[in-house]
Amino acid sequence: MNSKQLSDLVVDALEEVKAKDIVKLDVRMLTTVTDYMIVASGTSNRHVKALADAVAEKSRNAGHRPLGIEGEDGSEWVLLDLQDTLVHVMLPRVREFYKLEKLWSLTPSGDMAATDG
């Protein structure tokens, strides 16, 4: 499975469990750490955890085990490291505070990076 297919699988998993405001950023030109960064919101701590669990399960079933999952205890912000795709599932207030999409959408020249949606 290539990184584009993995990122599409993640978006599908998030959509199935009704994630809000899913954004997929192609960050290949910005970092060598990952190819795609996906940010989504859940409506409550339980929903955030359910979203993260759905992504982890679907990726495992596709043969791509997460390297790490952080933040499940509080479930305000859960990070799943799928190597080629990093997934951030957050409560809306946390997402608004950190503004990850804005941070990772800027290229070194200051232009907006292309999103691959």
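In this structure, is Ala40 aliphatic (A, V, I, L, M), modelled with pLDDT of 95 or more and part of a helix (DSSP H, G or I)? Lay out the reasoning, then the answer.
Details: aliphatic (A, V, I, L, M): yes; modelled with pLDDT of 95 or more: yes; part of a helix (DSSP H, G or I): no.
Judged against the criteria, Ala40 is not a match.
Looking only at the stretch 25-77, which residues are more than 16 Å from Met1 (Cβ to Cβ) and basic (Lys, Arg)?
Of the stretch 25-77, the ones more than 16 Å from Met1 (Cβ to Cβ) are 25-33, 37, 39-54, 68-77.
The answer is Arg28, Arg46, Lys49.
Among the residues that make up the stretch 78-87, is at least one of them modelled with pLDDT under 95 and either not in a strand (DSSP E or B) or not hydroxyl-bearing (Ser, Thr, Tyr) (or both)? Reasoning before the result, please.
First, pick out the residues of the stretch 78-87 that are modelled with pLDDT under 95: 83-84.
Still in the running and either not in a strand (DSSP E or B) or not hydroxyl-bearing (Ser, Thr, Tyr) (or both): 83-84.
Yes, the stretch 78-87 has at least one match.
Checking the structure you have, find out if any residue of the stretch 18-26 is assigned to a helix (DSSP H, G or I) and modelled with pLDDT of 95 or more. Break it down stepwise before answering.
Within the stretch 18-26, the subset assigned to a helix (DSSP H, G or I) is none.
No, the stretch 18-26 has no match at all.
Taking the stretch 1-43 on its own, how many of its residues are acidic (Asp, Glu), surrounded by 16 or more Cβ atoms within 10 Å (Cβ to Cβ) and without any contact (Cβ under 8 Å) to a residue 40 or more places away in the chain? I'd like the intermediate steps shown before the answer.
Taking the stretch 1-43 first, the residues acidic (Asp, Glu) are 8, 12, 15-16, 21, 26, 35.
Next, only the ones that are surrounded by 16 or more Cβ atoms within 10 Å (Cβ to Cβ) stay: 8, 26, 35.
Keeping just the survivors that are without any contact (Cβ under 8 Å) to a residue 40 or more places away in the chain gives 8.
Of the residues in that region, 1 qualify.
The values are calculated or read from the model by the stated rules, or taken from the named source; none is laboratory data. Keep in mind the model is a prediction, meaning the values are calculated, not measured. Every residue, glycine as well, gets a Cβ built from its backbone with ideal geometry; the counts of neighbours run over all protein chains shown.
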